Amino acid sequence: MLLFRACVPGRPVQWIPEPFAKTACAFEQSRARGKRSLPQSPNRNARRWRELLLPGIWISVVSLSLGGCAYLPKDSKPATPIAPPAIAATVASVAPESVAVADGWPRNFWWRRLDCPELDRIMHLALTANPDLRATLDRVHQAWALAAGARSNYLPSSGVRPWLANSVFGVWGFPGSSFFGPIGGNSFFFWDIIPTFTNYHVDLWGEDRARVRAAIGEARAEESEVAVARLLLGATVARRYVRLAAAEDELRLAQRRESIAGELLSLSQVRGSRGVDSLFPVHTAEERLETARQDVAGLARECQTLRNEIARLAGQGPDWGRALAVSEASFPRRFPLPERIAFDLLGHRPDVAVACWRAQAAANQLKIAKTAFYPNLNLVAWFGFQTLNFPTLFLNPALPLMYMAGPAITLPIFQGGRLTAQLEMVAEEYHVAVERYNSVLLSALQQVADSLAYWQEAAKDLEAQERAVKAAQANVDLARRLFASGLNVRQDVLEMQYRLAEAESRLSARHAQHVDSAVGLLVALGGGFEPATIPEWPRKGL
């Protein structure tokens, strides 16, 4: 901005802007001659009204500034989390020796209790190479990045923009009616550029703290979601591998039944052709043979499908699944319950922890919505350059510096019900989160009770089928002794062997169900979930 000297007799030398130089000199000279600078208003009543109204206006402004917050409605009846219901009687009815203490909780690597090295290798590969699980881990990193961004509100923000690039550059126009005195009636234009802004939000009501807590709650919930994904992935891999082992064993027994049915058909055809028997044994043998062939084909297709699914869960291709080593004999014949079972589901069930963290985040979001009813204070500062003559903005060696620093206060007084509606929406989201937590907790207890009942039933079925296999094996031994002594025929021996193969196939299925029920119980108990931080329920009054 160009400055000129104001040459006024009897006054000190002053440097003023060029557009005001002549006007200021004439104004000072007129004052020196005793002339009045501004005429008095002829309307004394108007001046008197202004003197009466201005103090009232200032009092109103100060009052609104001091009490500048919108009306905060009363809280509706909040949703409350339920206490964990009792389940000790259900446990005692299934396993009376179990005690509800935390010492026997399933630990990490729970699948190693199946005592299968091949399953341990597959599980390790699945938990490291599964793309869905890696995507869940990426969401955890994203959630923590959002939490770090929320934490930045504690610090002041400052931005420096390049010269004339992404900067605030504009022209300010002031009409002549805005000026009085000798410069009244003249319009002026100001050119300015403001490249630097600084802002700091003063957290008077805990809004920033609540925002950070909400972001941390979401990040913790995402971490628990990873535990849920790991648990479900591990359970799926274990159950598919157990079923694959049973299907491979049933396929071997179905091939044996096919071979026995073929021999029975040959003997029945020979006896029928010689007139020893009728055609009924022939048709029965044909029916058994076709049934055995269908079982072989179905079980072979199931085995291949299970191998492909396990390969996909492990992040591998179908060819990798063909090389899996499977043996049902590697699993324990009896899978007992832990000696002690704990039911601290809040700390050991990842899905319950997810629901609790979500409720905590919703509670902090509710607090943020409440702080919107109070005044908001920001400390703002900026500096730039301003001039009345555009070329001087770049050509003058002494740049015309302009700056501003001070508080910026926002008073949410008249919002037309927007804040109340937003508060009601966030409050309902909090109520939904609490009720979802209650639902997840009840579902977790139901899963534990159902898994205990399923395990008990599978154990009983396994014991019954083992007795059936022993009886079928006794019949085979008896038929062989009778055939060796000449009191029986070969067809009766094959018949007993066919029934034994059927009983063994059902035993393999029952054993797989027993192991599957044990896996389901370990998963229902949390599968060894050990969170870094156990969530606490948000306090009342958030």
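Summed over region 305-322, the residues that are under 26 Å from Arg257 (Cα atoms) and free of Cβ contacts under 8 Å to residues at least 12 places away in the same chain give a count of 1. Right, Asn130: of a type in the set (S, T, N, Q) and modelled with pLDDT of 85 or more or not? Criteria met by Asn130.
Here Ile216 meets each of (1) modelled with pLDDT of 85 or more; (2) on the phi > 0 side of the Ramachandran plot with one exception, condition (2).
Taken together, the residues in region 274-288 that are under 18 Å from Asp492 (Cβ atoms) and not hydroxyl-bearing (Ser, Thr, Tyr) amount to 8.
Asp295 falls short of the stated requirement of being buried (at least 21 other Cβ atoms within 10 Å of the Cβ) and among the charged types (D, E, K, R). Only a single criterion out of (1) hydroxyl-bearing (Ser, Thr, Tyr); (2) at pLDDT 75 or above; (3) farther than 30 Å from Leu233 by Cβ is not satisfied by Tyr154, namely (2). For Leu232, the test of being modelled with pLDDT of 90 or more, under 29 Å from Arg134 (Cβ atoms), part of a helix (DSSP H, G or I) and of a type in the set (A, V, I, L, M, F, W, C) is passed. I need the full set of residues from region 96-121 which are in contact with a helix residue (DSSP H, G or I) (Cβ under 7 Å, 6 or more places away or on another chain), in a loop (DSSP other than H, G, I, E, B) and at pLDDT 55 or above, in order please. If the condition is that a residue be in contact with a helix residue (DSSP H, G or I) (Cβ under 7 Å, 6 or more places away or on another chain), in a loop (DSSP other than H, G, I, E, B) and at pLDDT 55 or above, then Trp105, Pro106, Asp115, Cys116 are the ones that fit. Is there a residue in region 486-494 that is more than 60 Å from the chain's Cα centre (by Cα), of a type in the set (D, E, K, R) and farther than 30 Å from Leu114 by Cβ? Yes: region 486-494 contains one or more residues that are more than 60 Å from the chain's Cα centre (by Cα), of a type in the set (D, E, K, R) and farther than 30 Å from Leu114 by Cβ.
Looking only at residues in region 178-202 that are modelled with pLDDT of 80 or more and surrounded by 16 or more Cβ atoms within 10 Å (Cβ to Cβ), the one that is farthest from Ile368 (Cα to Cα) is Tyr200.
Those residues that are assigned to a helix (DSSP H, G or I) and touching a helix residue (DSSP H, G or I) at 6+ places or on another chain (Cβ under 8 Å), I need them from region 320-333; list them, please. Hits for region 320-333 are Trp320, Gly321, Arg322, Glu328, Ser330. Do we find a residue being in a loop (DSSP other than H, G, I, E, B) and modelled with pLDDT under 95 anywhere in region 279-300? For region 279-300, residues in a loop (DSSP other than H, G, I, E, B) and modelled with pLDDT under 95: present. Can you find a residue in region 220-242 that is crowded, with 21+ Cβ neighbours inside 10 Å, under 23 Å from Trp110 (Cβ atoms), among the β-branched types (Val, Ile, Thr) and in contact (Cβ under 8 Å) with a residue 12 or more places away in the chain? Yes, region 220-242 has at least one match.
The values are calculated or read from the model by the stated rules, or taken from the named source; none is laboratory data. What you are looking at is a predicted structure, and each value in this text was computed from that prediction instead of being measured. In this analysis, Cβ positions are derived from the backbone assuming ideal geometry, glycine residues included, and neighbour counts consider all displayed protein chains.
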